[in-house]
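The values are calculated or read from the model by the stated rules, or taken from the named source; none is laboratory data. These figures come from a predicted structure and were not determined experimentally. All Cβ positions, even for glycine, are placed from backbone atoms using ideal geometry, and neighbour counts span all protein chains on display. SASA here: full protein model, heavy atoms, side chains in, ligands and nucleic acids out. Shrake-Rupley method; radii C 1.70, N 1.55, O 1.52, S 1.80 Å.
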Amino acid sequence: MKVEDVRNVTVAGGGTQGSQIASQIAYKGYNVTVWVRSEESIARAMPRFEMVRGQYLDALEQMKSGDPGAYCRGLSDERDLTPEQIDELKAQAEERLDAISFVVDYDIAFGNADVVVECINENPAEKTAFYTELAKHLPERTVLLTDSSTMLPSMFAEATGRPDRFMSFHFANQIWRNNITELMRQDKTSDETFELAKDFAKAIGMVGLPLNKEQPGYILNTLLIPWLKAAVGLVADGVADVETVDLTWTLATGADPMQSPFRKLDRIGLPLAWKIIGMDPAAQNPDSTVARSVALLKSYIDAGKTGVAAGEGFYKYE
């Protein structure tokens with residue numbers, strides 16, 4: 001199958017990443033279905049998708065300012081757009097994002113999918129169970145891509161029933177702006193599948209970044225996670241408070257304040273950060289910085305302060 005043959009895309013999971021990925025693929029003109037486990041999951045996902053829709057429209061509107069910093073690479077290949085052209089993109093965004101469908105039935109969701117992007121919980125048992133069931137419902141042609149941020153595709157290749165058509169396809173956050181996709185194959189991924197994934201990344205406005213071998217955390221999280229763990233550790237150990245850590249980073253590096261470590265954690269979502277940091281074996285030692293970091297994140301999560309999507313994490317958001 002060539003990228004020109006791809007029409008129907010199903011995204012499994014409607015969380016932080018799933019909502020962005022589904023929206024971006026729909027924005028680029030594909031028929032998008034989102035599969036979730038229950039009707040209750042649909043109800044929980046809808047506000048998240050509405051928020052992402054608003055972020056797309058806001059980002060496009062800001063591009064009218066002419067400020068180079070407002071340009072979002074995932075929204076247009078062209079930087080110099082007239083206000084009229086941007087209004088056309090806004091109308092396109094509203095129409096296409098409104099057309100995303102939500103289903104719980106496997107056959108309806110996956111029975112005619114050309115590409116499936118999996119974005120369910122970062123839990124090995126859940127992923128294995130999902131892939132095992134999914135294999136019963138996929139057409140022979142379907143390519144299966146995982147957005148897992150912490151797990152290697154080789155862990156699940158056999159469970160998919162199509163190891164030659166399975167690989168990792170990992171996005172950053174705010175993908176309409178930070179438009180990268182890390183392309184990581186496993187030993188049985190075919191060259192045809194890898195080329196399709198690379199071409200599909202380009203078709204949905206992403207820059208495909210190939211890895212030469214499997215790497216836990218890919219490139220992005222191999223760089224990002226130690227930075228975030230260090231920031232949380234400073235607060236968990238009482239060295240400094242959240243605001244001081246962020247201010248130190250922005251003043252010393254010249255980074256945008258929105259790119260400070262705790263702002264970044266809020267955008268990623270504290271539950272995901274909690275899971276990732278909690279995977280460190282040092283978390284089992286209650287006297288370790290990692291264990292205190294996990295406890296700090298858990299205290300925010302238990303209070304409902306899970307990040308931007310909830311309106312509050314380490315900071316408050318409208």
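Relative to the Cα centre, the charge distribution of the chain, modelled as +1 at Lys and Arg Cβ and -1 at Asp and Glu Cβ, gives a dipole magnitude of about 500 debye.
Close amide-amide hydrogen proximity is noted between Glu118 and Ala12, Leu145, Thr146, Asp147, each under 5 Å apart and 5 or more residues distant or on a separate chain (H modeled in the peptide plane; Pro and chain starts excluded).
Working note: Cα gyration tensor of segment 195-268, eigenvalues times five, square-rooted, sorted largest first, giving semi-axes of 32, 15, 9 Å. Hydrodynamic radius of segment 103-184 by the Kirkwood approach over all distinct alpha-carbon pairs: 13.2 Å. A convex hull fitted to the Cα coordinates of segment 1-136 yields 119 cubic angstrom per residue.
Please get the size of the charge dipole for segment 27-117, origin at its Cα centre, with Cβ charges of +1 on Lys and Arg and -1 on Asp and Glu, quoted in debye to the nearest 20. Provide the component values of the computation, followed by the final result.
Values: 10 positive and 18 negative charges, 65 e Å.
Taking the Cα centre of segment 27-117 as origin, the dipole is about 320 debye.
Here the chain has an Rg and Dmax of 19.7, 59 Å, counting Cα atoms alone.
Of all beta bridges that DSSP places with both ends in the chain, some 20 percent have antiparallel geometry.
Normalising the Debye intensity of segment 258-318 to I(0), with uniform scatterers on Cα atoms only, and taking log10 at q = 0.22, 0.27 Å⁻¹ returns -0.81, -1.05. Taking amide hydrogens as placed 1.01 Å from N in the peptide plane, the amide H of Asn8 sits under 5 Å from those of Asp114, Val115, each at least 5 positions away in sequence or on another chain.
What is the log10 of I(q)/I(0) for segment 226-275, computed with the Debye formula using one identical point scatterer on each Cα and no solvent, at q = 0.24, 0.28, 0.30 Å⁻¹? Treating every Cα as an identical point scatterer, log10 I(q)/I(0) equals -0.89, -1.14, -1.23. Each DSSP beta bridge with both residues in segment 161-318 is either parallel or antiparallel, and the antiparallel ones are about 60%.
Computed about its Cα centre, the charge dipole of segment 1-57 is approximately 100 debye, with only Lys, Arg, Asp and Glu carrying charge at their Cβ.
Using only Cα coordinates, the Kirkwood hydrodynamic radius of segment 1-75 works out to 13.7 Å.
I need the Kirkwood Rh of segment 61-151: take the reciprocal of the average 1/r across all distinct C-alpha pairs and report it in angstrom. Intermediate results must be reported in sequence, preceding the final value.
Details: mean 1/r = 0.0609 Å⁻¹.
Final number for the Kirkwood radius of segment 61-151 is 16.4 Å.
A 29 angstrom limit on the alpha carbon distance is what I want to check against. Which of Lys127/Lys202; Lys28/Lys264; Lys213/Lys316; Lys90/Lys229; Lys136/Lys188 exceed it? Beyond 29 Å: Lys213/Lys316; Lys90/Lys229. For the chain, the residue among Pro83, Gly15, Ala273 whose Cα projects farthest onto the positive side of the dipole built from Cβ charges is Ala273. Estimated purely from DSSP H runs of n ≥ 4, each contributing -39500 (n - 2.57), the mean residue ellipticity at 222 nm for the chain is -14000 deg cm²/dmol once divided by its residues. Size descriptors for segment 151-259: radius of gyration and Dmax over Cα atoms are 17.8, 52 Å. Ordered from highest to lowest accessible area with the whole protein assembly present and a 1.4 Å probe, Arg53, Arg292, Arg177 read as Arg292, Arg177, Arg53.
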